[in-house]
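Encoded as structure tokens, the structure appears first; notes follow it.
The values are calculated or read from the model by the stated rules, or taken from the named source; none is laboratory data. In this text the structure is predicted, and so the values were computed from the model without any measurement. Here the Cβ is made from the backbone with ideal geometry for all residues, glycine too, and neighbour counts use every protein chain on show. Accessible surface areas use protein heavy atoms only, side chains included; no ligands, DNA or RNA. Shrake-Rupley method; radii C 1.70, N 1.55, O 1.52, S 1.80 Å.
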Amino acid sequence: LRVETERGLLVIEVKGIAGTSTDKDCSQISKIKYRRAKERGRFDVFGLYLVNHQRFLPPEERTSPPFNGTQIEDAQNDERGLLTTYELFKLYFNVTNQYVSKEDARNALFEIGLVQFRPSGAIEIAGPYEIHHDGSVVVLQLDGIPLTTGMSVILDDAGCYRLAKILEIRMNNVSVEEVSTGEVGCNLSEKVLKSTKLWVSCGN
């Protein structure tokens, strides 16, 4: 695919495979990228490898991400992107539900290395987290990120986003209305998994 944009030409190689990508599969887009740059006489050409990997498996059972560390590092060095079709599928709903803006989604397609679509205008609360009470309570280590009772947080389950409200915050076993540093326990309106990431909107 060739997409003309204000930033330049985005060339995308789309591939469907039964397994995961080889190093050669991932790097093929570099040849196309440089070929198009030479044709244009300009270096405003961006390369993206888009793969539907392990296509005979349900998406939830596929390796994610399907690229190893060397492949991601090579893509960063060669200034090209790596993306899966399932991430694009999830992006559609994240844009529709206004977790990711269309502008941020478009800009992410120009990223190098592993392309990721993060919640727009949000900050991730660094893990690891402790999960208690069957996933309704999460223990966080805060470092300057303010949380208040009643505010919403974005729950990130491998790129699928949903909202939860903070029902109660406890620090040193005492209920507090607001906190921004230290170890705190948050009772949430939605259950989370150990692998769930938490994001806070900068507008909160």
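Looking across the stretch 131-166 at every residue that is under 20 Å from VAL95 (Cβ atoms) and out of contact with any strand residue (DSSP E or B) (no Cβ under 6 Å at 6 or more places or on another chain), the one that is most open to solvent (accessible area, probe 1.4 Å) is identified as ALA158. Residues in the stretch 38-79 that are among the polar types (S, T, N, Q), assigned to a loop (DSSP other than H, G, I, E, B) and either within 17 Å of the chain's Cα centre (by Cα) or within 16 Å of ARG2 (Cβ to Cβ) (or both): THR63, SER64, ASN68. Within the set LEU163, LEU198, LEU193, the sole residue that is of a type in the set (A, V, I, L, M), assigned to a loop (DSSP other than H, G, I, E, B) and under 20 Å from PRO119 (Cβ atoms) turns out to be LEU193.
When we screen PRO119, PRO128 for residues that are within 28 Å of ILE72 (Cα to Cα), surrounded by fewer than 18 Cβ atoms within 10 Å (Cβ to Cβ) and either under 22 Å from the mean Cα position of the chain (by Cα) or of a type in the set (A, V, I, L, M) (or both), the only hit is PRO128. If you go through the stretch 5-26 and keep only what is within 22 Å of ARG106 (Cα to Cα) and either modelled with pLDDT under 95 or open to solvent by less than 70 Å² (accessible area, probe 1.4 Å) (or both), you end up with THR5, GLU6, ARG7, GLY8, LEU9, LEU10, VAL11, ILE12, GLU13, LYS15, CYS26. Select, from LEU82, LEU88, LEU155, the only residue that is part of a strand (DSSP E or B), of a type outside the set (Ser, Thr, Tyr), under 22 Å from the mean Cα position of the chain (by Cα) and over 22 Å from LYS194 (Cα atoms). Being part of a strand (DSSP E or B), of a type outside the set (Ser, Thr, Tyr), under 22 Å from the mean Cα position of the chain (by Cα) and over 22 Å from LYS194 (Cα atoms) holds for just one of LEU82, LEU88, LEU155, which is LEU82.
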